[in-house]
2 protein chains.
Amino acid sequence: MPTQQLKAANTLPIKDIHIQDSFWSPYIDLVRQVVIPYQWDALNDRIPEAEPSHAIRNLKIAAGDEEGEFYGMVFQDSDVAKWLEAVGYLLETDSDPELEQLADEVIDLIGRAQRADGYLNTYYTLKEPGKEWTNLCECHELYTAGHFIEAAVAYYKSTGKRKILDIVCRFADYIDTVFGPEPGKIQGYDGHQEIELALVKLYRVTGNEAYLRLSQFFLEQRGHGDFYLEEYEKRGKTRHWYNADMINDKKYSQTHLPIRQQDAAEGHAVRAVYMATGIADVAMETGDSSMLDACRKLWHNIVSKRMYITGGIGSMAFGEAFSLDYDLPNDTVYAETCASIGLIFFARRMLQIEPKSEYADVMERALYNTVVAGMAKDGKHFFYVNPLEVWPDACGVNHIYDHVKPVRQGWFGCACCPPNIARLLSSLGEYVYTVQDDTIYTHLYMGGKAKVEVAGQTIVLEQRSEFPWNGHVGFTVQSKSDLEFTLALRVPNWTSGCELFVNGEAVEWEHTVTHGYAMIKRVWAPGDQVIWSMTMPILRMKGHPLLRETIGKAALQRGPLVYCLEEADNGKHLHQIRLLAGEEGKVVSKPALLGGMNVLQMPAYRDSDEQWGSELYRADRAVKQELIEAEYIPYYAWANRGPGEMMVWVRE
Amino acid sequence: MPTQQLKAANTLPIKDIHIQDSFWSPYIDLVRQVVIPYQWDALNDRIPEAEPSHAIRNLKIAAGDEEGEFYGMVFQDSDVAKWLEAVGYLLETDSDPELEQLADEVIDLIGRAQRADGYLNTYYTLKEPGKEWTNLCECHELYTAGHFIEAAVAYYKSTGKRKILDIVCRFADYIDTVFGPEPGKIQGYDGHQEIELALVKLYRVTGNEAYLRLSQFFLEQRGHGDFYLEEYEKRGKTRHWYNADMINDKKYSQTHLPIRQQDAAEGHAVRAVYMATGIADVAMETGDSSMLDACRKLWHNIVSKRMYITGGIGSMAFGEAFSLDYDLPNDTVYAETCASIGLIFFARRMLQIEPKSEYADVMERALYNTVVAGMAKDGKHFFYVNPLEVWPDACGVNHIYDHVKPVRQGWFGCACCPPNIARLLSSLGEYVYTVQDDTIYTHLYMGGKAKVEVAGQTIVLEQRSEFPWNGHVGFTVQSKSDLEFTLALRVPNWTSGCELFVNGEAVEWEHTVTHGYAMIKRVWAPGDQVIWSMTMPILRMKGHPLLRETIGKAALQRGPLVYCLEEADNGKHLHQIRLLAGEEGKVVSKPALLGGMNVLQMPAYRDSDEQWGSELYRADRAVKQELIEAEYIPYYAWANRGPGEMMVWVRE
């Protein structure tokens, strides 16, 4: 083992890709300049308006530096780990000695908080010593370990410093003595998947196959027997959470079936996609085609039956979970930001295994809509829940909307989404290209320079774009000498046609398309210029006829951006707006609006409640309608002008 | 006090109206032959498939007849009271010595369970002696008393037997020593309104003004100060319920404002309408116009902003409560059967105070739709929750539908709705007519004979109809001699025109209409025949433009009946059906369908998911549509053919 590695495409190391993009660079700068410092303050309880985190203090108490008691969630350590992971990515693109110094101090602290045998978890060390590994179902012990591992791999790769890597290797080695198929070990697995994908990262950086084997064990074991019930009975039937029955609700943590038999994405959405990511990682490394099939089934189920047009997943608040096929309510939706991030993780693994544009299409959809919507332009306010329709008056009154917030909130008590956005954006370079043999696959269109090893040479590929506002993308090949390779350009599912020019000359490309990529194979000369011009019409998107919540409605999309109506532009009672059929609409640039964007204007009718009277129901009489120009802004930009109504799917 | 009684219309005593109607008589027979015996078995724990009630056993234990402990809800006694109340009504129309014997035994038992000082409540007597009146907010102590009083009044009026009346008078007298504005008494009120309307009934039957004064006190006191918090602190901050914060959620029990300042119906819907009913009763008896204004405000808010087209009220499961104006989701709705019954109580009081057809229109709407839908044709299965749209596959999966059942359920643990249906249907005669001076108001159209005192004489008014299937209603006046009086015939809001014939001759009536009633004033001769023929077109009902859930949709109504699509007639995926504009539709009689009914057939388009493929979203392409004949059944008859989709509001 690994018996036979899949021939997977590689992502570029973050250090080798420098994003310079008018859309994304400000976000990445925001992560560096605001989110990470703000998160550091949060971890240290220095943000008066936020609930205390206590995460750093927990480590200090565990390290013996301070007196006190554990405070926070059972997985509070993972917040520190996610911060450290993002710091690792940031240091890979740009040095920052002060930040690195801070990180090194945190690493020292983590080291001191680690037990002599390698165990590392301040909740159990401080609050329930002796109870380690007795409640895998509910207590995120391996999940937290996984985040420490991901942080360590990121920090080691960027700085070359081994200390945190050694810490997590000792921890992983210890875990390997506790879990496994051998008699006397625990044949269990964590309630929240995470360690599975983390262990594969650790395997890749250390080459230690034990980590891959352990990841595979956790995945293979999942869904066999009744482990959570057994451990529950063994520990005396205690529960950590009382609001949900994680022990018996097997779908919640995807333990209802062995992973290869899971045909649909069930339960807690973040767990489901983290699991799928881990399965893909293990499949990639071991060549296990049945695991790859499991990934394809889960992928297909999600994207063809359980995903919002914004790339959001998880249609219900209860359990932050998937519900059933074609059940995608727009207003009571959950669509957690973290779940879309997990979907992006999953998509990238699938792109590495089999470069097909459908994976990149979904990755782009989730990234440009739900993920970007998740964070305000100040880097200090975030959405957990990403609705497609909001009526602020009803939020806080009708309790079906209790989880829906009409404006972004400050740092949360359970702070999973903000650091997840930070670690994704600070490693965004990993998602743009993959390279396999002599082919460079371009999955995302964003400006920047990438150092790419292809066909035995290292070249620099420069991309220039004003994406997502238009579809004209330029590439320059900077190589030392002529070199034959294939530049694979994704033909996105939102374009109505592309034109290709190489050094100013139109080039036929349609016949080269493979799995949704134009495969431009040629001997490239230094300085060769490529123009890839994707038309970007306003699309009237429709939902599958089995979707109840979209029938008779349309959503506007242009490029990867889904658009929405907001009260700020269209007044109250957005439900009274009905799009005219057959109208094309206008794209209007608004450079002064929320940092600059294109808006869409579309002729529509608007029902009026004038002349109706006070009757609640009455027999058919014509309602007064007026012709208006409905104004749409990109979904990601909603709720930046105070609370107001918002709507993605509009009657037609 | 009463300072000045309002000149209110009277309802007919139940004994004086004999309903003989092809639609209603089977329901009333069902109450007599099935519901009441079944409920008796339930109260005695003889229904294996239902949760034990223990209600009779609680009384026996309190009476010292048996050993044991209290079991059940804090208001378990009220189930016995509601059963006894319905028995009272049934005995008024038809004698049943065996049933009366049973009721007398229950009354004896209640008498033995009563404390020497008059107090009566088995929960407190058995389970928390000494804690009486310490948790009015949560423990329904006065609510339960109110139901005993209603039962006593009904039973006394039908049988003339005073025993139960004496029992509740002693109880009410005792309550009067505990509550009131005087120092040393409790200045409080029950969390669940009910005693207010019951005390007015008791006042009417006994003439004891103390009961009216006590009712008025409870209503006037409500919403002043912070009584629930004070009693909570006084009793040592204990709670009876943990799933809801009734102490601080003041709107839940309508204690957020004094009653005259309540502009909107808030909180638990049943409580709100029971309160409104009580206010109307007190206003009627005292002539307090500010109380009457309070009723009008609540009425107007409910019927013009917070009521489903089926007469359902309470749009959210959380708190079984109203939410906000124009928030009427069809699928996550609550619309408890009991709340519509309470709305009917309220409407009838308003009709007594000011005979306006709008009250009767709503009363009829609630009765023919939500109330009848609440009970299956077997009399043993009931709906608590009355949705306007159901997707059974999602019930039990998406937790926003946890309260929605796709088929009627057996007797409930908290058995409020079935006995409430029973007591309404067994007293239905009280809702048909009211009489004021020389005018007989006809509010509901249903066959039967009524003995009416009007203009100083007693006449018999016979009504014949095939309502609700057609609008041709016949009346015969049976008087001893010529008599001048007004027969007021409601012009329902669903008719497009009526014709009046007296003894075969067409009579102009339009100029006589007052508050929605045709006022047919004449000297009636014995045997005079009236034909009142209301056209009953298929109405395409629309919702107010501020209603989000009905916009772009239509609901079909004919007469008082709202219609719905069911999967049994139209296949799955009802959301794919779209009505053609401008089509009239057909009425088709189906005598063999579920006891016989008219169905509606309406041309419609149906989207097909053939040819769409597996993509969840795609840019505008025509969806294949087929022309179909959508078949509608009356809403009340839904869910009688197994679980299936149902939909009232259909796209147009």
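The values are calculated or read from the model by the stated rules, or taken from the named source; none is laboratory data. What you see is a predicted model, and the numbers here were worked out from it, not measured in a lab. Here Cβ is always computed from backbone atoms with ideal geometry, including for glycine, and neighbour counts include all displayed protein chains. Heavy atoms of the whole protein, side chains included, go into the accessibility calculation; ligands, DNA and RNA do not. Shrake-Rupley method; radii C 1.70, N 1.55, O 1.52, S 1.80 Å.
Here are a few things to note about the model shown:
- The protection proxy used here, the mean number of other Cβ atoms lying within 10 Å of each residue, ranks peptides B:79-89, A:569-579 as follows, highest first: B:79-89, A:569-579.
- Ranking B:630, A:64, A:26 by Cα position along the charge dipole of the protein assembly as shown, where only Lys, Arg, Asp and Glu carry charges on their C-beta atoms, puts B:630 farthest toward the positive end.
- Among A:546, B:524, B:282 the positive-end extreme of the charge dipole of the protein assembly as shown (Cβ point charges): B:524
- Ordering of B:389-398, A:175-184 by burial proxy (mean other Cβ atoms within 10 Å per residue, highest first): B:389-398, A:175-184
- Unsatisfied cross-links (Cα-Cα over 26 Å) in the set A:521/A:542; A:305/A:451; A:7/A:451: A:521/A:542; A:305/A:451
- The mean number of partner chain beta-carbon atoms within 10 angstrom of a residue's beta-carbon across peptide B:621-628 is 1.
- Each residue of the range B:168-175 was assigned a 3J(HN,Hα) from its phi angle through the Karplus expression (A = 6.51, B = -1.76, C = 1.60, θ = phi - 60°), giving 6, 5, 4, 5, 5, 4, 5, 4 Hz with x at Gly and Pro.
- Rg/Rh (Cα only; Kirkwood hydrodynamic radius) as it applies to the range B:54-250: 0.97
- Electrostatic dipole magnitude of the range A:539-651 [Cβ: Lys, Arg +1; Asp, Glu -1; Cα centre; debye, to 20]: 340
- Shielding by partners - mean other protein chain Cβ count within 10 Å, residues of A:537-545: 6
- Label 7 Å beyond Cα on the Cβ vector: residue B:580 copy-to-copy distances, nm: 2.6
- Cα centroid separation - the range B:64-141 against the range A:97-135, whole Å: 62
- Given +1 at the Cβ of Lys and Arg, -1 at the Cβ of Asp and Glu and no other charges, the dipole of the range B:54-250 around its Cα centre is 380 debye to the nearest 20.
- The distance from the alpha carbon centre of the range B:177-230 to that of the range B:289-336 is 25 Å, rounded to a whole number.
- Per-peptide average of other Cβ atoms within 10 Å, ordering B:265-277, A:18-30 highest first: B:265-277, A:18-30
- The rotation axis taking chain B to chain A passes closest to the C-beta of one chain B residue; that residue and the distance in whole Å read B:400, 3.
- Inter-chain neighbour count for A:325-336: the average number of beta-carbon atoms from partner chains within 10 Å of each residue's beta-carbon is 3.
- Translational diffusion coefficient (Stokes-Einstein; Kirkwood radius from C-alpha pairs) of the range A:420-508 at 10 °C, 1.306 mPa s, in µm²/s: 111
- Members of A:157/A:185; B:297/B:356; B:131/B:237; A:250/B:405 lying beyond 20 Å, as alpha-carbon distances in this model show: A:157/A:185; A:250/B:405
- Pseudo-label separations to other copies for residue B:260 - Cα-to-Cβ vector, 7 Å, nm: 7.8
- Protein heavy-atom accessible surface, 1.4 Å probe, per residue over the range A:95-135: 46 Å².
- Dipole size of the protein assembly as shown about its Cα centre, with +1 on Lys/Arg Cβ and -1 on Asp/Glu Cβ: approximately 820 debye, rounded to the nearest 20.
- For the range A:411-477 and the range A:631-652, distance of Cα centres in Å: 28
- Rounded to the nearest Hz, the phi-derived 3J(HN,Hα) couplings of the range A:358-373 under the Karplus curve 6.51 cos²θ - 1.76 cosθ + 1.60 (θ = phi - 60°) are 4, 5, 5, 4, 5, 4, 5, 4, 5, 5, 7, 10, 5, 5, 5, 4, where x marks glycine and proline.
- Rounded to whole Hz, the Karplus (6.51, -1.76, 1.60) HN-Hα couplings of the range B:626-638, x for glycine and proline: 10, 8, 10, 10, 6, 10, 10, 10, x, 3, 4, 8, 5
- Taking the inverse of the mean 1/r over every pair of distinct Cα atoms in the range B:298-395 gives a Kirkwood hydrodynamic radius of 13.7 Å.
- Label geometry 7 Å along the beta-carbon vector: residue A:474 inter-copy distances in nm: 9.2
- At an R0 of 25 angstrom, the distance between the Cβ atoms of residue B:300 and residue B:10 translates into a FRET efficiency of 0.50.
- Heavy-atom accessible area for residue A:156, with the other protein chains in place and a 1.4 Å probe, reaches approximately 60 Å².
- Accessible area that becomes buried as A packs against B, both chains, 1.4 Å probe, Å², nearest 100: 5000
- Values of log10 I(q)/I(0) for the range B:538-651 across q = 0.09 Å⁻¹ run -0.26, by the Debye formula with one identical scatterer at each alpha carbon and no solvent.
- Here's the picture: charge each Lys and Arg Cβ at +1 and each Asp and Glu Cβ at -1 in chain A, and of A:273, A:486, A:145 the one pushed furthest to the positive end of that dipole is A:486.
- Heavy-atom surface analysis with a 1.4 Å probe gives chain A a carbon and sulfur content of 48 percent of its accessible area.
- Buried on complex formation within the range A:547-575 (loss of at least 40 square angstrom of accessible surface versus the isolated chain, 1.4 Å probe, ligands and nucleic acids ignored): A:548, A:551, A:575.
- Principal axis analysis of the Cα atoms in the protein assembly as shown yields extents of 120, 67, 50 Å, listed in decreasing size.
- The equivalent ellipsoid that matches the C-alpha gyration tensor of chain A spans semi-axes of 39, 33, 24 angstrom, in descending order.
- Based on Cα atoms of the range B:17-145, Rg over Rh with Rh as the Kirkwood radius reads 1.02.
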